[in-house]
Amino acid sequence: MAVYQTPDLTAASFSADLFGLAATTVLLLMGTAWIGKQWRLPVVLCALAALVGVGSVHEAREAWFAGQGVPVVYHYVGWAVSMPLQVMALFFLAGTAGKLSAGLFWRLVIVSMLMVFVRYLGEAAFMHPTLAFLIGLVFWLYLLGEFYFGRMDDVVRSSTGDTLRRGYFWLRLIVTIGWAIYPLGNFLTAFAGMTDDGSISVAYNVADILNRMAFGIAVLSTAVLSSEEKAGA
Amino acid sequence: MAVYQTPDLTAASFSADLFGLAATTVLLLMGTAWIGKQWRLPVVLCALAALVGVGSVHEAREAWFAGQGVPVVYHYVGWAVSMPLQVMALFFLAGTAGKLSAGLFWRLVIVSMLMVFVRYLGEAAFMHPTLAFLIGLVFWLYLLGEFYFGRMDDVVRSSTGDTLRRGYFWLRLIVTIGWAIYPLGNFLTAFAGMTDDGSISVAYNVADILNRMAFGIAVLSTAVLSSEEKAGA
Amino acid sequence: MAVYQTPDLTAASFSADLFGLAATTVLLLMGTAWIGKQWRLPVVLCALAALVGVGSVHEAREAWFAGQGVPVVYHYVGWAVSMPLQVMALFFLAGTAGKLSAGLFWRLVIVSMLMVFVRYLGEAAFMHPTLAFLIGLVFWLYLLGEFYFGRMDDVVRSSTGDTLRRGYFWLRLIVTIGWAIYPLGNFLTAFAGMTDDGSISVAYNVADILNRMAFGIAVLSTAVLSSEEKAGA
Amino acid sequence: MAVYQTPDLTAASFSADLFGLAATTVLLLMGTAWIGKQWRLPVVLCALAALVGVGSVHEAREAWFAGQGVPVVYHYVGWAVSMPLQVMALFFLAGTAGKLSAGLFWRLVIVSMLMVFVRYLGEAAFMHPTLAFLIGLVFWLYLLGEFYFGRMDDVVRSSTGDTLRRGYFWLRLIVTIGWAIYPLGNFLTAFAGMTDDGSISVAYNVADILNRMAFGIAVLSTAVLSSEEKAGA
Amino acid sequence: MAVYQTPDLTAASFSADLFGLAATTVLLLMGTAWIGKQWRLPVVLCALAALVGVGSVHEAREAWFAGQGVPVVYHYVGWAVSMPLQVMALFFLAGTAGKLSAGLFWRLVIVSMLMVFVRYLGEAAFMHPTLAFLIGLVFWLYLLGEFYFGRMDDVVRSSTGDTLRRGYFWLRLIVTIGWAIYPLGNFLTAFAGMTDDGSISVAYNVADILNRMAFGIAVLSTAVLSSEEKAGA
């Protein structure tokens, strides 16, 4: 392994992100033993999103150590798996409050996979970058639309659990704010011709604190508190 | 590790497949704690099929990074273990509905192992490729025959559980459609003289979404829903 | 890692053996949760034998990739640990039917360790190969004698459990037939001067399907069925 | 891997630290099964702090083997994750005695992260070292203030559990004494221009016995004894 | 990885030791689920001692493959962690029979750590080898004194459990006989100027069968039998 020096902020952010994601993965997997059975699936899905993050951040860091910047594809392979997992986590969390249709499930999973894939096609110049950027944006807005105005919002709103409502509110906020970095990064590298000299990777690594760590921990907290609420009721 | 660049779609598909299989493995292993005891064996077998996928995809990716295409043997070593595991998973899932004979079990396991092994012999030119291709095809058709017209279908059809019938229907469909890529790939490389410049690996990696991930998740869903059905009844 | 080509049957058999042993290990470890408490120890011991197989096969494969054939010592280091484990598994399985003496336990463990160690001494020419071969043979026959005519057979024969009797019958058969490959290989390499150009490793890898995988799965099946028998009684 | 010689005390201390942290991680993770449910979270957080230590010590050791001293950043990436984890562990341990506000939680987490980050900025000369040192000191004193005079101390003091009071007392002492090495190291390297020829790493490795191992074990002991106290009451 | 040849007994003993320790670790960790709660801690501590053995033997083997003999420090880093763990295991095992003082605990832990550390100082010539050897000897004799004539012996002797008395007897014997190899090795390398051409490592590897494997398994057996004794009573 190459040795990095103290002022190499990119390498430092990769390492800290790696440790943070590994800790999040183990915490969430342990946490599945602490909650009621209907909340286990969303928590495990968040753990898997963090686990996939461990893998992809590890490889991106290796690429950085090889000294040629980090090709954006290293981020996309991780998102291609972790984003559908997180969307599913949100779906099943909302699903603890009431019945959601299988059609909605498939729409969310497929749109989130396509969102990542289309952006990748643009980055790799397999598709016109502007077009790919715009399609990716539309997919992201569709997901936000479902989270804010779709059936999931209805079901959560009509739920009797205060904790679930509050949890869903925060998770949706994380998806709205935190995930905004991805179209932005997509815009900068595919569109504005910027290449990653490390600074974009730093931004993605910092964003992981919100998008993969805080997201998973918020799901676990919601699950723990909802389980207690239910047991207490 | 070699660093791959953004337009290297083959490497990207290997990495995403690897992460997806790892996530599937952990999900299914965690999931065994959520289901009734008779459904645990099929779920664990699917987890093992995904785990073997993690191993073989990892090695195929290394071969790709070494820059010489991916020798087809890398795929066959994985299938040699994961296909019998999946056939067993289907057998034991059907077996939750009624008694199946041990003879059927051994026929399924041995035919699925031979199917992969004969195809490999053809690919490696240890056997005449046309002959190997045809024998492999016969074995595949035999397996489909058992799934559609054999004792397993009878037992599932006479089952009282709606979930199991629906689950078996979808799993059989995955095996029919998804596994069709393997004789096709066998035909192209062993028969039509095509070598793998990466595009065949991409196809196999995409097929893994259906054959190793969706298959396992469908078994887990069937098991979870059947367990609830039974508990509720 | 070196890349191997499709016709390299030895490498392919190593990889498939590795995946099969890994899957067996995980299956048996998961399986300990499905069985009555007296059957857990034999199942875990078989899982450990498979785990040790993962380690030793992995290293033998590395040696093969380094291109100099596989020194036989790579097989012996694995057997030195896994054979006593399997003998213990058989001992504790028989021990579920009645009390067995601690003296028998120690004789079995020590003889099985010596059997492997003496053969190794012959292979490494630390001892005269013929002598080592013959001593190893005597130790093997002693083990078979205990399994067929000793106290373990008595105890199993007088057991009320049909499943246990049938399981013991099959396991003893695996040990009789499957383990016969080890004196044979010992004879060929240490005695008849054959060196391993890969074909002996292929034979050992194929034998692992019987000796380490089927053996462990037979122990798990016996344990599962005996647990149900007992719960049902 | 480079081979180190017997008089290389730095390498020896890295290896022993690594093994000690690995053992601590496994012990604490196993230990979560032995305690009441309210004590599981602090114990898991300490396990994660040790796990992160395994990762960062492993990498620091690699850097040492590469023969160029250990850039201080290797320590900081570990602390950036493990210190907030330990502060959270203390928070949730105190929280078993009474309600603590979410605001306090966020202040503790953010201050502990900033403490490490500001020190790193000083070490990397991104910020004036003196300024960074002083700000880091203020953050540390703030944390100590919360532990000694804040709400956590009140809650623990009013607790009925003797064990908890004693545990909190010792943990606070470890944080006070053990963590004093970090501003000291910061002072020496960033301020007094010392570079790490191995001796500072030895000091950090020895400090880990107190800060990451004894700390976690003290939390586990407190949890085990408190669980028994409660069960006995 | 370097490939070793069949007559390389040192490499073979390292590999077999590695597999044996790995199997012991997994067995003991699985075994914690089979025993009463007061016996879990000593069993886990023995598992950790074996786990640390896996790590240190792995690294010593790497050093051996690098072709320069095995610097003794590789053994000491493992002992520095595993010996205190085993002493603690014995302490907590005796502690199941009656109350032992915390002071005794600290004396045992600190003396066992110092014993290893002082010997290392002698080996590395940081301290006069004769002096270090003698101090190490005194520490070892102190530990034996506690085991034979101290409070632990009293408590075990007055225990009602036959199993515990027998287990303690054997464990103390292992510590007496098995650990005698460490001062002997210390004497030979630090004192008599012998360097390790592999033969000392073979001796340590063989001793591990007694000191790390049989020791842990004896603790597990004692725990299993004591749990049954108590449940039966």
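Using a probe of 1.4 angstrom and keeping all protein chains present, the accessible surface of chain C works out to 37 square angstrom per residue. For peptide B:5-14, the mean count of partner chain Cβ atoms within 10 Å of a residue's Cβ comes to 5. When chain D is turned onto chain B, the axis of that turn runs closest to one Cβ of chain D, and that residue with its distance in whole Å is D:33, 7. For residue A:206, inter-copy separations between label points set 7 Å beyond Cα along the Cβ vector come to 3.8, 3.8, 6.2, 6.2 nm, shortest first. Charged neighbours of residue E:174, selected by a Cβ distance under 12 Å, balance to +1 (K, R count +1; D, E count -1). Extending 7 Å from Cα along the Cβ direction at residue C:5 and again at residue D:105 yields two label points whose distance is 6.1 nm.
For residue E:228, the distances from its label point to the matching points in the remaining copies are 2.6, 2.6, 4.3, 4.3 nm, ordered from shortest, with each point set 7 Å beyond Cα toward Cβ. Compared with the dominant Cα axis of chain D, that is its longest principal axis, helix D:199-208 is turned about 10°. Other residues whose C-beta falls under 12 angstrom from the C-beta of residue E:148 contribute a net charge of 0, scoring Lys and Arg +1 and Asp and Glu -1. The residues neighbouring residue B:87, those whose beta-carbon lies less than 11 Å from its own, together hold a net charge of 0 under the Lys/Arg +1, Asp/Glu -1 convention. Buried on complex formation within the range C:43-89 (loss of at least 40 square angstrom of accessible surface versus the isolated chain, 1.4 Å probe, ligands and nucleic acids ignored): C:44, C:48, C:59, C:71, C:73, C:74, C:77, C:81.
Legend: distances between Cα atoms for C:230/E:37; C:230/E:230; D:37/D:230; B:99/C:37; pairs beyond 18 Å are C:230/E:37; C:230/E:230; B:99/C:37. Its relative contact order, with pairs defined as Cα atoms under 8 Å and 6+ residues apart, puts the range B:102-220 at 24 percent.
Would you mind calculating the relative contact order of chain C from Cα pairs under 8 angstrom and at least 6 residues apart, reporting the percent as a whole number?
Once normalised by length, the contact order is 28 percent.
Kirkwood Rh over alpha-carbon pairs of chain B, then Stokes-Einstein at 25 °C and 0.890 mPa s: what D in µm² s⁻¹, rounded to an integer? So the translational diffusion coefficient is about 135 µm²/s.
Here the protein assembly as shown is assigned +1 on the Cβ of each Lys and Arg and -1 on the Cβ of each Asp and Glu. Its dipole about the Cα centre then comes out at about 3760 debye. Taking every DSSP helix (H) stretch of at least 4 residues in chain E, weighting each as -39,500 (n - 2.57) and dividing the sum by the residue count yields a mean residue ellipticity at 222 nm of -25000 deg cm²/dmol. Buried area at the A:B interface is about 2100 square angstrom, summed over both chains, from accessible surfaces computed with a 1.4 angstrom probe.
For chain D, the longest principal axis of the alpha carbon atoms and the long axis of helix D:40-65 meet at an angle near 10°.
Inter-copy label distances for residue D:102: 3.7, 3.7, 6.0, 6.0 nm (label point placed 7 Å from Cα along Cα→Cβ; shortest first). Of the solvent-accessible surface of the range E:9-232, computed with a 1.4 Å probe over protein heavy atoms with every protein chain present, carbon and sulfur atoms account for 70 percent.
Mind checking the dipole of the range D:9-232: about its Cα centre, +1 per Lys or Arg Cβ, -1 per Asp or Glu Cβ, Debye to the nearest 20?
700 debye
The values are calculated or read from the model by the stated rules, or taken from the named source; none is laboratory data. Worth saying up front: this structure is predicted, and the values here are computed from it rather than measured. Because the Cβ atoms are built from the backbone with ideal geometry, glycine has one as well, and the counts that use them run over all protein chains shown. Quick note on the areas: whole protein, heavy atoms, side chains included, nothing else; ligands and nucleic acids left out. Shrake-Rupley method; radii C 1.70, N 1.55, O 1.52, S 1.80 Å.
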